[in-house]
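The structure appears below as C-alpha cells.
Every number here is computed from the coordinates shown, using simple stated rules; none is lab data. For clarity, every value in this text was computed on a predicted model and none was experimentally measured. Note that we place each Cβ from the backbone using ideal geometry, even for glycine, and neighbour counts take in every protein chain shown.
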C-alpha cells in the first residue's frame, strides 16, 4: 500500500474541525492566561469612588466610620480616624455591616401574615395597604381597649426616639425596651447611691475590679479599648467571673466566684476598707451619707465569712481591699452594664456602688465620672394629646418597688398581658427588637403573643419576633438611613454628637420607621405631631451648637469640649441627703433594705447546673448571628461545661446534649472547658431560631431564651437571668 | 549514480514534520524559560531572564507558550481526526517490528557506523563461525521497511511523549479553570518536564542521524522535495521499495 | 536603604475580637471558609492559671503571611509567580503567572496560603497592596481596637514600626526546622510559639530538582556526547568507505538483478 500517496484533506473538512477546535479554546479562555487575550475592563478599577461618613449600628456603641462606595456599592467600612470614642477602630461586627446591608435574607417589602402565626406564610402588600391595615388595627384596639392597649417596644436605635414620641401622641404609656432585660439594676443602684449613673474613666485608673463584666468581649467604647491601654500603663485588673472569659484570660487575677455571691465579696471589701480606715475620712465626712450605719452594718461581713460564700480566699479579699484602697481615688469597682442576673441584682450593685463611694473616686481622674455636657437641644414638639379614657398607669405598674417609669419591666409587662391585668393589652408595635430571643422564657413570650390581637414588627430581617408577627415592615439598614442627631458619652475620650445620612439609597422597598410613623400619623389624624423632616428635627437639636453641622459634615462627628472632672464642684448630689448615699433613706421608707443585706443565691439542686449569660465579640446579643461574615466565626452556639462535670454525665467534647429547665429545653453541642465552674454552664444567645427566614442559622444551635426562667429583680423589675437551674443530659455522640 | 526519483513524503507530511519541529523548538525555548526557580531550571536562570526579556514579562511568555502549545496540539488533533487513514497507517508502521531482523539491523548498523564496514565483515565472520544462520551471519545489513527500526524507535517516544506532553500541558493550562485537586497539576508539571527531557535527548540523535550522519543526505533532501532516489530507496528501505515497485 | 515592609505586633494587647480577620475578609473579598490572616490562642485552664512574667496566662496572637526573607513558598514555585520583591520586601503572588499548582501551599510553615475556590489560583495576604497604593494602611492595622498591629518600613528609622523594633525586644515565631526569616515581629513575648510546621516542598517539585533534573541532564548528556563522538568521527576521520561500499554493493546487486 503506497504510503507516499496521500489523499489531500478537503478544505471543507479542515474548516469543520478548525471550528470545533476554536470552540474548545474559547472555553479554555476562561483561564486567565488566555483571558488576557480578550480585551476587558482594566483590572477591576471602579469608575466612581466616594467616601461617606456614618456611624455603625451593629451594636450600641455607634463607632464613627467611613464607607467606601465604589460605583454605588459599599465595598468597605473603615474606622473614622477622627472618632475618639472608639479610639478610631471598627471591630469584626463593624466590618460585617456590609453583610447586613447586602444580606440575602433582608426583608424587601411589607408582608402580611397568611395562615397561623409562625407558619411563615406571607402575602406581599403595598405600603399603602400595609399602613392602612396597621392604622385600622391600631384604631380598633384603641377603641376597644383604650390607647394603652398597644405596647410599644423600641430597640436601641437612633430613631427609637420617634417610637416613644409616637407612643406618646398615640396615647399609650406602655413603652418598654430591652433595658429591662439589661442595665436597670445597675442604673437603679447607682441612681440610688450617687444620684446619677456614672461612666468609668478607665483610661486613667490604676486598679479595677470587674465582676461579671466581660469588657474584652462585650465591647463598650472606649472602655474596652482603654482597659487595654490602662493595663499597659500598669493598671491592675481583677476579674470575678464563674467563667474564664477573654477578660479573665487577660486579667492580672481571676477568681471563679460562686455565682450570685458578689455581694458577699464587696461587703467584705467594705468591711476591710472601713475596719482598717483605708478611706479618706475628710472626704467621707463631707460627701458620704450613712458612714456610721454602714460601718456597723458591715462588721458582720468579714472576709472569712465572705470566703465561705463566694469561694474566694479571705486573705485575697483582704489584700485586694487594701490594694484597691491604696490606688484610690484612681480605683474603680466597675459598674458593668448588663446586670440582669439575680432577684437582688439592684442590691448587689448597691454594694458595689457603696465600695466606689468609699474609694472617693467620684468625679476624679481614674474614677467614676458624671455625664458630660453634650449640648443637644430637645426639639420643639407640640404638646401631646390627652386621652380621657386612658387608665392611670402602665400595665406593669406596681409589680416592683422602684421601676423606671419610662422603662417599666418587660417581664412584668408580659405577665400583665398574659393575665390581662390590670387591663388588657392587645396590640404590639415592635421596632428593631427581638424579645423572642432576648427575653427569658420564650414560651411565655409565645403565650403573650397568643393574647395579642395585632403584632406589627419593623425590622431588617425576619427575626423570630418578626416571624411571629401579623404585619412585618422592612426597614433600611443604618447605611441607608438619615437619622436625627444623637449624643454619646465617651467618658475621658469625649462627649460627642453623631448623626447619619444615607451612604447608599435604601434597598428594595425598605422605609425608615420615622417615615412609617409619619404615614401612620396621617391615617390616625396625628399628622400635626409628625409635621417635620429629619433635617428640621436635627437642626433644632443642633441649634445651640454653632459648629455642630460643619463638624458633622466634615469630620463625621462633633465634639463638645465639656468638663470631664470636677463636674460636681460646688454641686450637690441628686439624692435625698444631697450626698452620696451609702445608706438609702428612700429604701428604708419603702421597706427595702437601706443597705444591702446579704442573701445567699437560691440553692442549686444537686445534679443540676446554673446557667449564666454572657456575650461574644462576634455577635450583638441575639442579632447578627445570621450575618454571612460573622457566621464564619461561630456557626452555632455550644454549651460550655466543665470537663469533670461532663465526665460524670458521660459527655465528651462535641457530643450533643439536651438542656432542660422549667421554661423549656434545647439541644446543642457540648464544649468542654476547664475555664468554667463545675456547677455552672453557659451558652451564647441568638441561636435555635424559630424563623426560617434566617436561612444561615436556621436549625443550628439552641435558644437560650427558651431555657431561661423569668425571675425579676425585686427593686427595679429588671430581668434576672442567672437564676435558672438546668439539667444536662447526653443526647448522642 | 543516476537514479529515477521515487515519491516518499506527501506535501502534508513534509509540512507536519517541519511544523512539529518548529513548534517543538518554540515550545522548548519558551517552556524552559518559564521555569523561574533556580532549583528546577535545567539550563540556568540566564535562559529564563532572556526569555522574560524577549517576551516582555512572565505572563506574556506563559501566554505565548500556552497558545503555542494549543496550536501545536490542535493541529495534530485535527490531523488525527481528519487524516485518520494516514495516521493509522503511520502508527501501524512505527509500531510494527520483526524482533530478530530489527535487532540485527541495530547491531550491524551500529557497528558499521562506529567501527566501519571492515569491522562489520569481521563481525559477520565471527557469527558464521559461531554457527549462526546465513541470514544473520551475513555482513549485509538486514532489510527495512518505510522506516528503519532506528527511525521507529524515535518515532514511538515522539508520538507517545507528544501525547503525554500535550495532556499534561492541557492539565496545567486548565488548572485554574477546572481542577480542585492540585496534586494532579503538580504531577503533571513534573511529568511534562521529564517527558520533554526524554524526547529532547532522543531529538539530538534524530537530528544527527537524519541530517548530518553519513549517507543520510538523500533522506534529508526528501524532507523538502518529497522524493528519494530509487537506489537509495532500494538500499535503505528495500521492503518499501519492493512494495512500491509491485504497484 | 531598600524598603522592607513588615508588621510589628504587640500580641499582649490582642483581645481576639476578630476585627482584623473580618476587615481583611471584606477588604480582600476572601471567600467563605478561608482566611488571609488569623489569631492563634493560648489559653490556660482553671488549674494552671498563673501569671508568668511579662505574659498573661491567656494570650492571643494575631498573624498573617509573614513575607519572609528566605521564603520556602518561593522555593516551591515553578513559574516564579510568587517571589520576593526586592523593591519593598513583600512576597507577592502574580495571579497572571500562577498556574494554580498549589505547590507553595504546604511549603509555607504558617499555612498562610490557600487556593481560592473561584479563582483557582493561590491567594494570601499582600499587605493590602491596593490600599497602600491609595496611601492607606492595611485593613487589619487600621481596624484593630487596641492597635496591636503596627505596619511600616522597618528600614526607615522614622517609622513607628522601625522605632518599635529598635526600642523593644522582639521575637519571631518560627519552626526551627524551617526558619524562613519572617517579617512579623512580636514585641516582648508572645504565645503560642510552637505552632508553625516544617515547610513541605511537594514531592513532584522535590523530585524535579533532585531526581528528574539530573536524570534528564544525564540522558541528554549521554546522547549529546554520543552525537558529538559520531560527529567527530565523521569529520575528523574520513570514512568514504561506507559510501564506497554501499556503491559497490548496489552495483553488485544491480548486476545480479
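Observations on the structure shown:
- For the peptides A:379-387, A:262-270, residues were scored by their other Cβ atoms within 10 Å and the scores averaged per peptide; the highest-first order is A:262-270, A:379-387.
- FRET E, pair residue A:665, residue C:166, Förster distance 51 Å, beta-carbon r, rounded to 0.05: 0.30
- The DSSP beta bridges internal to the protein assembly as shown are antiparallel in roughly 65% of cases.
- Residues in region A:137-171 that a label on residue A:117 would reach, taking backbone N under 20 Å of a point 7 Å out along Cα→Cβ: A:137-155
- Peptide B:37-46 has a mean of 5 when you count, residue by residue, the C-beta atoms of other protein chains within 10 Å of its C-beta.
- Helical mean residue ellipticity (222 nm; -39500 (n - 2.57) per DSSP H run of 4+; nearest 500) of chain C: -9000 deg cm²/dmol
- Three-way shape call for region B:8-82 based on the alpha-carbon gyration tensor, with the a/c threshold at 1.5: prolate
- Fraction of antiparallel bridges per DSSP, chain A only, in percent to nearest 5: 55 percent
- Average Cα contact separation per residue, chain A, under 8 Å, 6 or more apart, as relative contact order %: 19 percent
- Helix content alone sets the calculated 222 nm mean residue ellipticity of chain A: runs of n ≥ 4 DSSP H residues at -39500 (n - 2.57) each, divided across all residues, give -8500 deg cm²/dmol.
- Sorted by Cβ density within 10 Å, fewest first, the residues A:417, A:274: A:274, A:417
- Inter-label distance, nm, simple model (7 Å from Cα along the C-beta direction), residue A:647/residue A:371: 5.3 nm
- Note on chain B: GNM, Cα springs under 10 Å; of B:13, B:57, B:158, the largest mean-square fluctuation is that of B:57.
- Take the Cα of residue A:528, go 7 Å toward its beta carbon, and the backbone nitrogen atoms of region A:379-409 under 17 Å from that spot belong to A:380-388.
- Most mobile listed residue (C:225, C:171, C:215) in chain C, GNM with C-alpha springs under 10 Å: C:225
- For peptide C:113-126, the mean count of partner chain Cβ atoms within 10 Å of a residue's Cβ comes to 2.
- Among the residues of A:188-197, the average count of other protein chain beta-carbon atoms within 10 Å of the residue beta-carbon is 0.
- Whole-Å distance, taken between Cα centres, linking region A:537-564 and region B:183-241: 87 Å
- Order of B:106, A:324, A:639, B:204 - criterion: other Cβ atoms within 10 Å of each residue's Cβ, fewest first: B:106, B:204, A:324, A:639
- Contour minus Cα-Cα distance for residue A:71 and residue A:450 (0.36 nm per residue): 131.7 nm
- Prolate/oblate/rounded label for region A:609-732 (Cα gyration tensor, a/c 1.5): oblate
- Residue exposure sequence - A:71, A:555 - by fewest surrounding Cβ within 10 Å: A:71, A:555
- Spatially, region B:39-96 and region A:312-384 are offset by 78 Å when compared through their Cα centroids.
- With respect to chain A, whose longest principal axis is taken over its alpha-carbon atoms, helix A:410-419 is tilted by about 90°.
- Label reach from residue A:731 (point 7 Å along Cα→C-beta): in region A:443-459, amide nitrogens under 20 Å belong to A:443-444.
- Degrees, to the nearest 10: A:314-327 long Cα axis against longest axis of chain A: 90 degrees
- Between 0 and 90 degrees, the angle of helix C:213-236 with respect to the longest Cα principal axis of chain C falls at about 30 degrees.
- Computed from the C-beta positions of residue B:17 and residue B:126, the FRET efficiency with R₀ = 35 Å rounds to 0.35.
- More than 32 angstrom apart: percent of Cα pairs within chain B: 35 percent
- Cβ-Cβ FRET estimate between residue B:103 and residue C:206, R0 fixed at 30 Å, reported to 0.05: 0.20
- Per-residue ellipticity at 222 nm computed for chain B from its helices equals -24000 deg cm²/dmol, with DSSP H segments shorter than 4 residues left out and the rest contributing -39,500 (n - 2.57).
- Peptides ranked, highest mean first, by Cβ atoms within 10 Å: ranges A:573-579, C:184-190, B:225-231: C:184-190, B:225-231, A:573-579
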